[in-house]
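A.B. asks: One structure is given below, represented as structure tokens, and several questions about it will come after.
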Amino acid sequence: MVELSSSARKVQEALQARGLAMQVVEMPASTRTAIDAANAVGCQVGQIVKSLVFKKQQSGKALLIAASGSNRVNEAVVASLVGEPIGKADADFVRQQTGYVIGGVPPTGHIQAIETLVDQDLLQYSEIWAAAGTPNAVFRLTPIDLVQLTGGNVVKIY
Ligand code: 5CA
């Protein structure tokens, strides 16, 4: 078994710590974007979980949206769900809040707990794939696993 890089290992350990058997895999090809990840894994783009970090504009807190790879977040819709405007986070904020770089941000295993919303469109699939710490690491899970792992509310994001 090939050893995982340190960021991917952190995600694997976070899953293990929760008693979950999911396996982080490092792919030979890039999984930096949802399209890359779908090509690398051989699934539909919609089955890729994008872990998108936003900043709540009043509280300054991070909000993670676990979105289907084929969807775009409507910031106005989400703002009304969370009760304040949201804006896209910059790369530094993402790193500081999650502990991971853009393109590898996982939906769980962050350096601190982050309020999360889960895109309801992910629930139509029997299996989905999420980033696992680096731009070529992913793990397979079910939508129910995602909801449990993140503690996120399942919502319509557009
Ligand atoms: N590994 C893949 C699939 S699991 C992945 O992480 N996809 S992603 O969509 O969650 O992450 C890439 C996202 O990061 C892009 O959709 C985009 O919203 C965001 N992003 C890319 N570049 C920047 C940037 N410079 N600043 C802020 N956000 C960015």
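A.B. asks: Scan the range 138-149 and give yes if some residue there is over 24 Å from residue 82 (Cα atoms) and open to solvent by 20 Å² or more (accessible area, probe 1.4 Å), otherwise no.
C.D. replies: Yes; the residues of the range 138-149 include at least one that is over 24 Å from residue 82 (Cα atoms) and open to solvent by 20 Å² or more (accessible area, probe 1.4 Å).
A.B. asks: In this structure, does residue 15 turn out to be within 20 Å of residue 144 (Cα to Cα) and under 13 Å from the mean Cα position of the chain (by Cα)?
C.D. replies: No: the conditions fail for residue 15.
A.B. asks: Can you list residue pairs whose Cβ atoms sit under 8 Å apart, with the first residue in the range 122-146 being closer than 10 Å to residue 31 by Cα and the second being crowded, with 23+ Cβ neighbours inside 10 Å and among the polar types (S, T, N, Q)? Count only pairs 6 or more apart in sequence or on different chains.
C.D. replies: Sorted first by the residue in the range 122-146, then by its partner, the pairs are 130/51; 131/31; 131/51; 135/31; 136/31; 137/31; 138/31.
A.B. asks: Just to be sure I understand, how many residues within the range 105-118 are over 18 Å from residue 47 (Cβ atoms) and either open to solvent by 70 Å² or more (accessible area, probe 1.4 Å) or part of a loop (DSSP other than H, G, I, E, B) (or both)?
C.D. replies: The qualifying residues number 7.
A.B. asks: For the range 7-39, name all the residues that are in a helix (DSSP H, G or I) and open to solvent by less than 70 Å² (accessible area, probe 1.4 Å).
C.D. replies: Listed by number, the residues that qualify are 7, 8, 11, 12, 14, 15, 34, 36, 37, 38.
A.B. asks: Can you tell me which of 65, 102 is in a loop (DSSP other than H, G, I, E, B), modelled with pLDDT of 95 or more and not aromatic (Phe, Trp, Tyr)?
C.D. replies: Only one candidate passes the filter, namely 102.
A.B. asks: Okay, moving on. So residue 108 clears everything in (1) out of contact with any Leu (no Cβ under 8 Å at 6 or more places or on another chain); (2) within 14 Å of the ligand (Cβ to nearest atom) except one condition, right? Which one?
C.D. replies: Just one mismatch for residue 108, condition (1).
A.B. asks: Can you find a residue in the range 54-61 that is under 26 Å from residue 154 (Cβ atoms), over 17 Å from the mean Cα position of the chain (by Cα), assigned to a helix (DSSP H, G or I) and free of Cβ contacts under 8 Å to residues at least 24 places away in the same chain?
C.D. replies: The answer is no, given that none of the residues of the range 54-61 is under 26 Å from residue 154 (Cβ atoms), over 17 Å from the mean Cα position of the chain (by Cα), assigned to a helix (DSSP H, G or I) and free of Cβ contacts under 8 Å to residues at least 24 places away in the same chain.
A.B. asks: Right, another one. Taking the condition of being touching a residue at least 60 places away in the same chain (Cβ under 8 Å) and more than 23 Å from residue 149 (Cβ to Cβ), how many residues in the range 73-83 meet it?
C.D. replies: So the count comes out to 2.
A.B. asks: Just checking, which of 121, 92 is closer than 16 Å to residue 154 by Cα, open to solvent by 30 Å² or more (accessible area, probe 1.4 Å), of a type in the set (D, E, K, R) and assigned to a helix (DSSP H, G or I)?
C.D. replies: So the residue among 121, 92 that is closer than 16 Å to residue 154 by Cα, open to solvent by 30 Å² or more (accessible area, probe 1.4 Å), of a type in the set (D, E, K, R) and assigned to a helix (DSSP H, G or I) is 121.
The values are calculated or read from the model by the stated rules, or taken from the named source; none is laboratory data. A quick note: this is a predicted structure, and the numbers were derived from the prediction, not measured. Glycine gets a Cβ as well: all are built from the backbone with ideal geometry, and neighbour counts include every protein chain shown. Calculation scope for accessible area: heavy atoms of the full protein, side chains included, ligands and nucleic acids excluded. Shrake-Rupley method; radii C 1.70, N 1.55, O 1.52, S 1.80 Å.
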